[in-house]
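No value in this document is a laboratory result; all are computed from the given coordinates. Since we're looking at a predicted model, the values are computed, not measured. For neighbour counting, all protein chains shown are included, and Cβ atoms are generated from backbone atoms with ideal geometry for every residue, glycine included.
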Amino acid sequence: MSSREQATGKSASRLIDQRIRDLGGWRGEALARMRALILEADPEMTEEWKWMGTPVWSHHGIVCTGEAYTKVVKLTFARGARIPDPSRLFNSSLEGNTRRAIDIHEGEKVDAGAFKALVKAAVAQNGPSAKAGAKAKPIKVREGEKVPVLLSGGNPRIAKADGDAPVQAYIAAMPGWKRAIGKRLDALIVRNVPNVRKAVKWNSPMYGIEGQGLFLGFHTFTHYVKVTFFRGTSLRPVPPGGTGKDARWIDIHEDDLDEAQMATWVKQAAALPGWVVGRPS
């Protein structure tokens, strides 16, 4: 197959292998390392070969490309301007409204954990409905398990349980574009509250701190995902939804999750005494 042809799957992987061998030296090593991190971050990533011989990694659309120039290896994220970069890995293509890139020079090493978090955020940003007419990926279940029932508004029915597993089961069952929102919310919370504890209660993922109570939960509705802060009246700025004594919430629609603002609220909420008994008002 000519390097000028497009390819996907095993054919593309072989072409990328050859590209790395042809580069050799520090550029080949850098591209090989970043490729390995991309595939570790998302085992369902698809490798492609496009545009006169460019390695491309895709999941529900292009995540990033890998190009090698004389002095840099460049990883360009197709929708990088819309994903969080707390470690400030992006150092190139910063002027545009869509793409962002990481230029790696000889002798430089990119933080592996931060880069994999960036890849995961990019996959979540793409979401199953990033392309018009795209279909949500079928929910994977183990033999003998049942696909979760969707209740009113498309909210998954998940048995009450503590831990990450029931939360991930809930997110996997969220319909359409809401699943990508669920993934982004979960990743954002974990990123900003490393000691967070998770559970599913009342068919809603809940997040809290051990010995301190719950600070946040979210719930799926027909046209939005509602994120509730149980001590929301103490946050600044106060989230716009709700009129009760303590709780406040915000409704997240497709493509309107403000991750910077959400991260600010999450950090504030996690530092407050949490909700311990009863349902929030």
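Let me know the charge dipole size of segment 1-117 about its Cα centre in debye, to the nearest 20, where only the beta-carbon of Lys, Arg (+1) and Asp, Glu (-1) is charged. The partial results should precede the final answer.
On the way: 18 positive and 16 negative charges, 32 e Å.
I would put it at about 160 debye.
Against the chain, whose longest principal axis is taken from its Cα atoms, helix 164-173 shows a tilt of about 80°. Placing +1 on the Cβ of every Lys and Arg and -1 on the Cβ of every Asp and Glu, with nothing else charged, gives the chain a dipole about its Cα centre of roughly 500 debye.
Working note: Karplus 6.51/-1.76/1.60 with θ = phi - 60° gives segment 52-64 the couplings 6, x, 10, x, 9, 10, 10, 7, 6, x, 5, 8, 7 Hz, where Gly and Pro are set to x.
One chain, two ends: Ser234 and Glu67. Fully extended at 0.36 nm per residue, the span grows by 55.4 nm beyond their Cα-Cα distance.
Can you classify segment 155-281 as rounded, prolate or oblate using the Cα gyration tensor, where a ≥ b ≥ c are the square roots of its eigenvalues, rounded means a/c under 1.5, and otherwise it's prolate if a/b beats b/c and oblate if not?
Working: a/c = 1.38, a/b = 1.14, b/c = 1.21.
Rounded shape, in that the Cα axes give a/c under 1.5.
Can you show me the helix-derived [θ] at 222 nm for the chain, built from DSSP H runs with n ≥ 4 at -39,500 (n - 2.57) apiece and divided by the number of residues, rounded to the nearest 500. My calculation for the chain gives -9500 deg cm²/dmol from helical runs alone. Note on the chain: Rg/Rh from C-alpha atoms, Kirkwood Rh, equals 1.02.
Amide H contacts for Thr54 (H built 1.01 Å from N in the peptide plane; partners 5 or more residues away or on another chain; cut-off under 5 Å): none found.
Looking at Trp265, Pro43, His60, which one has the Cα that reaches farthest to the positive end of the dipole of the chain (charges on Cβ: Lys, Arg +1; Asp, Glu -1)? The listed residue farthest towards the positive side: Trp265.
Shown is the FRET efficiency for Asp256 and Val276, computed with R0 = 41 Å from the Cβ-Cβ distance and rounded to the nearest 0.05: 0.85.
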